[in-house]
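Beneath this line is the structure, given in structure tokens, with notes to follow.
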Amino acid sequence: MALLAMGAGLLLPELAGWIGRTRLDRETRRLELLCRESWSSAVFSGRSRVVRLVDGRLEVRDGGPSGPTVDRLFLEPHPLPGWCEVTGLDAGWWAAPEGFCDPGPLEVRDRETGERHRIRFRPYDGEVEPE
């Protein structure tokens with residue numbers, strides 16, 4: 001049942017993206033999804049997860065910022081496009097196995113248009129806070 005819920009959670013944002021989201025919306029949703037999946041992975045594995053920006057790629061690390069890269073389905077590294085900039089990941093975005101996470105904020109910016117999206121998370125369940 002949990003696998004079906006995670007699968008549905010992954011497909012619905014992608015379907016909505018096909019109906020006219022901007023590229024900044026897509027990158028923002030990818031970052032949100034990566035953070036939510038990292039939170040879920042931390043809770044189910046019993047190990048901390050940290051999302052970091054390393055050499056232009058979003059990566060999930062196991063156990064802490066210097067831990068090994070997690071390269072599993074839905075947690076694989078994601079290269080950022082050249083037009084995209086993410087701030088707020090200097091120390092990494094963390095999710096603890098107890099179900100707590102970094103509230104952010106994270107910011108995704110389009111370098112060409114200057115458009116920005118901010119993301120804040122609820123620290124007790126990893127869900128995105130409405131702006």
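For segment 20-61, the candidate set comprises residues that are without any contact (Cβ under 8 Å) to a residue 24 or more places away in the chain and surrounded by 19 or more Cβ atoms within 10 Å (Cβ to Cβ); within that set, the residue that is nearest to GLU131 (Cα to Cα) is ARG29.
When ALA91 is tested against the conditions (1) surrounded by 15 or more Cβ atoms within 10 Å (Cβ to Cβ); (2) without any contact (Cβ under 8 Å) to a residue 40 or more places away in the chain; (3) in a loop (DSSP other than H, G, I, E, B), the lone failure is (1).
Give PHE100, PHE74 a once-over and let me know the one that is touching a residue at least 60 places away in the same chain (Cβ under 8 Å) and either crowded, with 16+ Cβ neighbours inside 10 Å or hydroxyl-bearing (Ser, Thr, Tyr) (or both). Working first, answer last.
Working: PHE100 fails: touching a residue at least 60 places away in the same chain (Cβ under 8 Å).
Exactly one residue qualifies, and that residue is PHE74.
Count of segment 94-117 residues, restricted to those that are assigned to a loop (DSSP other than H, G, I, E, B), more than 16 Å from ARG36 (Cα to Cα) and either modelled with pLDDT of 95 or more or acidic (Asp, Glu) (or both), is 2. Among residues of segment 44-61 being among the basic types (Lys, Arg), part of a strand (DSSP E or B) and in contact with an Asp or Glu (Cβ under 8 Å, 6 or more places away or on another chain), the one that is nearest to CYS84 (Cα to Cα) is ARG52. Screening TYR124 with (1) over 21 Å from GLY64 (Cα atoms); (2) touching a residue at least 12 places away in the same chain (Cβ under 8 Å) gives one miss only, at (1).
Could you tell me whether ARG120 is among the basic types (Lys, Arg), within 13 Å of the chain's Cα centre (by Cα), at pLDDT 95 or above and surrounded by 14 or more Cβ atoms within 10 Å (Cβ to Cβ)? Criteria met by ARG120.
If you scan segment 118-131, which residues turn out to be in a strand (DSSP E or B) and either polar (S, T, N, Q) or closer than 12 Å to THR28 by Cβ (or both)? Hits for segment 118-131 are ARG118, ILE119, VAL128.
The values are calculated or read from the model by the stated rules, or taken from the named source; none is laboratory data. Please read all numbers here as calculations on a predicted model, not as lab measurements. Positions of Cβ are generated from backbone atoms using ideal geometry, with glycine treated the same way; all protein chains shown enter the neighbour counts.
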